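The next block holds one structure in the form of structure tokens; read it before the comments.
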Amino acid sequence: MSIVTTIKEKVATELKTLYGQDFAAADLTINSTKPEFEGDYTLVLFSFVKQLKKSPEALGQEIGQAVVKAHPALFSAYNVIKGFLNLTVADAYWHQFLQENHSNKQFGQLPVNGKKVMVEYSSPNTNKPLHLGHLRNNFLGWSVARILQECGYEVVKSCIVNDRGIHICKSMIAWQLFANGATPASTGMKGDHFVGEYYVKCENEIKRQSAELQEKEAAGNLDHYGDQLPKATGLLSIIEKLTNENTLNNEDKIKQAKDDLMELRRGVTPIMVQAKQMLLDWEAGKPDVMELWRTMNGWVYEGFEVTYKRIGSDFQKTYYESETYLPGKKFVEAGLKDGIFFKKEDGSVWIDLTGEGLDEKLVLRKDGTSVYITQDLGLAEEKYTEFKYDQSIYVIADEQNYHMKVLKLILQKLGKPYADGIYHLSYGMVELPTGRMKSREGTVVDADDMVEEMVNVARQKTEELGKVKDFTAEELTELYDIIALGALKFFLLRVDPKKRMIFNPEESIDFHGFTGPFVQYTHARIKSILRKNESDGVADSNLQANTSTGLFKLEKDLIVALEQYSTILEQAVNEHNPSVIAIYVFNLAKAFNTFYTEHSVMNAETPEKKQFRLHLSEMTANIIASGMSLLGIRVPERM
């Protein structure tokens, strides 16, 4: 039980004794006392004034006197300032707390609660390798799953592989046109990188062909638009009309019309027509298309597995869009019968969500092929049927906020029992100092390349410090890996998921900044202190601290921070937010370093004081290791 919960219960008991009225402990507001005031925890009194018909000052004095008198082992003093009761926790309480918990490596862990949660993350496409954005996704999903486990939930980590669709067909058609039979084995390339190159080749060819078609349009030839001609001529007419008006207010409208025309033109390029036909052939099960699809996806899966192992990401269940889109089609058929979906004249199927403040949403194309929402409906059903979850968390970028709202609404309209358990963990995109990455243009940063760059930066920064001369080559290799991945994960997880972020490799590896290596170095520093004590052979683990000895401010600041770990875990799990833990362990590391600068552990004033500080150091190291492990980060024993 946290100290805040303990204080609430004690105060609620004294309120009953003093005033004969019941107050729920959970309804009491207890905050950390502001630094400018004396005390550790503050009870807000204003909520009692009307009910008890007393002034805040009078209530504070009566309650403060009562709780200090009734619980001397917990409280040593109180003061009242402007409607707030500030309570000082007795040093003896902190001594006892440390004595009981200093070696407990499971401190903060919550008991099993019987609830099951699925966490879906990664969601790669089999037309390209994992990139920097996937790293944030994987680290966030894995960490949220781990935090849930620590807080008593049964967790199933899952991944949906987007292994079908027009983007996959782009890589396939480009391989047919340009590869001349090349394979990852024949080129020495990692499979996912190999296939990704053909996706980029397809996009480059679309650009080239689009430019040729644009030249034809300039000469008045629009034959290439086929049945899209009316839409194309309409857009050209809009562009001409708005341009002739020569009004500044029309600039955005002209840009939008030009963008729409560009997408339309891209769609009628010869290579895109081939890719679209390949998608139809795939859904029809054409043997040669299916064989190529299986072969190229196999290359990509081999590459993914290497990357996942490298970054420490794993799943208990992997789903494939190619297997979930058909059940999704059945959803559409059932929804049509029930009047939840409707069919337009062209044969496409939609749902009307205007009553919910959205718009009409396509759920099946006119040619009968699926869209993303189709397979997501099938996947949601399949997941629940297999695992009967209480909550299903989707770790998906904020670009899909609308999509996820639609998914949940459709499931609710269909009356699915798991609809309310759908939770979208929306996160901001990762950008580089140079700007946003674009898959079409081949400007994304591959995850593998990023990890290698981080290792190189870790090596350089560590060598500059010059403190690893006694490490073997193998130890150095492992250390650089621990630092590199720790820096990468910490930097990507220290920011609230909702916020977009800019990633800078050099900034992420700073042994003195808000970084993973700073926390890792603090852990190694503490471990060095503990090893020195063991080697001196003077430790007495049974030696009790003198509870009558007062605590120095920095000692108390540190032990108070340690006690808050369980509360931090609850906050992180409730908010689905690993940055809460990242910020906490960083501040804990800072608190220890500040304490250690002022107070010696090995040369403490008394043997009892030394033992107290050793326990303080041990618990700090344990909690740093625990917190960092929830972020997927290892902490070295020495650096």
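The values are calculated or read from the model by the stated rules, or taken from the named source; none is laboratory data. Please read all numbers here as calculations on a predicted model, not as lab measurements. For neighbour counting, all protein chains shown are included, and Cβ atoms are generated from backbone atoms with ideal geometry for every residue, glycine included.
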**Odd one out for Val112 among (1) of a type outside the set (Asp, Glu); (2) outside any helix (DSSP H, G or I); (3) farther than 27 Å from His424 by Cβ** = (3)
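Would a scan of region 141-153 turn up a residue that is closer than 30 Å to Glu618 by Cβ, without any contact (Cβ under 8 Å) to a residue 12 or more places away in the chain, out of contact with any Asp or Glu (no Cβ under 9 Å at 6 or more places or on another chain) and not in a loop (DSSP other than H, G, I, E, B)?
Here is the first cut: in region 141-153, the ones closer than 30 Å to Glu618 by Cβ are 142-153.
Those left that are additionally without any contact (Cβ under 8 Å) to a residue 12 or more places away in the chain: 149.
Then drop every residue that is not out of contact with any Asp or Glu (no Cβ under 9 Å at 6 or more places or on another chain), which leaves 149.
From what is left, the residues that are not in a loop (DSSP other than H, G, I, E, B) are 149.
Yes; the residues of region 141-153 include at least one that is closer than 30 Å to Glu618 by Cβ, without any contact (Cβ under 8 Å) to a residue 12 or more places away in the chain, out of contact with any Asp or Glu (no Cβ under 9 Å at 6 or more places or on another chain) and not in a loop (DSSP other than H, G, I, E, B).
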**Message:** It is to be established whether one or more residues within region 71-84 are modelled with pLDDT under 95 and in contact with a Leu (Cβ under 9 Å, 6 or more places away or on another chain).
**Reply:** yes
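Go through region 381-409 and give me each residue that's in a strand (DSSP E or B) and of a type in the set (Val, Ile, Thr).
Within region 381-409, Ile393, Val395, Ile396 qualify.
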**Item:** Selection count where residues are over 31 Å from the mean Cα position of the chain (by Cα) and more than 22 Å from Glu382 (Cα to Cα), scope region 309-348
**Value:** 8
**Item:** Phe37 vs. criteria surrounded by fewer than 15 Cβ atoms within 10 Å (Cβ to Cβ) and part of a loop (DSSP other than H, G, I, E, B)
**Value:** yes
**Prompt:** Do the conditions hold for Met290, that is, is it surrounded by fewer than 18 Cβ atoms within 10 Å (Cβ to Cβ), modelled with pLDDT of 95 or more and among the aliphatic types (A, V, I, L, M)?
**Reply:** yes
**Message:** Any residue at all in region 383-391 that's of a type outside the set (Lys, Arg) and over 23 Å from the mean Cα position of the chain (by Cα)?
**Reply:** yes
**Complete:** Apart from one, (1) more than 20 Å from Leu631 (Cβ to Cβ); (2) surrounded by fewer than 17 Cβ atoms within 10 Å (Cβ to Cβ); (3) within 22 Å of the chain's Cα centre (by Cα) all hold for Gln99; the odd one out is (3)
**Fill in**
The lone condition Thr29 fails out of (1) under 42 Å from the mean Cα position of the chain (by Cα); (2) within 10 Å of Leu85 (Cα to Cα) is (2)
**Prompt:** Which of the residues belonging to region 244-275 are of a type in the set (S, T, N, Q), loosely packed, with under 15 Cβ neighbours inside 10 Å and not in a loop (DSSP other than H, G, I, E, B)?
**Reply:** Asn244, Asn249, Gln256
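Just to be sure before I move on: is Val495 among the β-branched types (Val, Ile, Thr), modelled with pLDDT of 90 or more, under 22 Å from Val585 (Cβ atoms) and in contact with a strand residue (DSSP E or B) (Cβ under 8 Å, 6 or more places away or on another chain) in the structure I sent? Give the derivation first.
On the way: among the β-branched types (Val, Ile, Thr): yes; modelled with pLDDT of 90 or more: yes; under 22 Å from Val585 (Cβ atoms): yes; in contact with a strand residue (DSSP E or B) (Cβ under 8 Å, 6 or more places away or on another chain): yes.
So Val495 fits the description; yes.
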**Request:** Return only the number of the condition from (1) crowded, with 21+ Cβ neighbours inside 10 Å; (2) closer than 24 Å to Ala582 by Cβ that Val67 does not satisfy.
**Result:** (2)
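One residue is enough: does region 623-631 have a residue meeting the conditions farther than 26 Å from Glu478 by Cα and either of a type in the set (A, V, I, L, M, F, W, C) or free of Cβ contacts under 8 Å to residues at least 12 places away in the same chain (or both)?
no
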**Phe304 in contact with a Cys (Cβ under 6 Å, 6 or more places away or on another chain) and either of a type in the set (Phe, Trp, Tyr) or more than 28 Å from Gly188 (Cα to Cα) (or both)** = no
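Sort through Asp420, Asp390 and tell me the only one that's of a type in the set (D, E, K, R), at pLDDT 95 or above and over 24 Å from Asn138 (Cα atoms). Break it down stepwise before answering.
On the way: Asp390 fails: over 24 Å from Asn138 (Cα atoms).
Result: Asp420 is the single residue among Asp420, Asp390 that is of a type in the set (D, E, K, R), at pLDDT 95 or above and over 24 Å from Asn138 (Cα atoms).
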**Prompt:** Looking at this structure, is Tyr389 surrounded by fewer than 19 Cβ atoms within 10 Å (Cβ to Cβ) and within 30 Å of Leu135 (Cα to Cα)?
**Reply:** no
**Prompt:** Residues of region 482-516 being assigned to a loop (DSSP other than H, G, I, E, B) and among the polar types (S, T, N, Q), which ones?
**Reply:** Asn504, Thr515
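Does Asp470 meet the test of being assigned to a loop (DSSP other than H, G, I, E, B) and modelled with pLDDT of 85 or more? Before you say what the answer is, go through the steps one by one.
Values: assigned to a loop (DSSP other than H, G, I, E, B): yes; modelled with pLDDT of 85 or more: yes.
In short, yes.
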**Prompt:** Inside region 276-318, can you point out the residues that are free of Cβ contacts under 8 Å to residues at least 24 places away in the same chain and among the polar types (S, T, N, Q)?
**Reply:** Gln277, Thr295
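For region 374-385, which positions are in contact (Cβ under 8 Å) with a residue 12 or more places away in the chain and out of contact with any Gly (no Cβ under 8 Å at 6 or more places or on another chain)?
Ala380, Glu381, Glu382, Lys383, Tyr384
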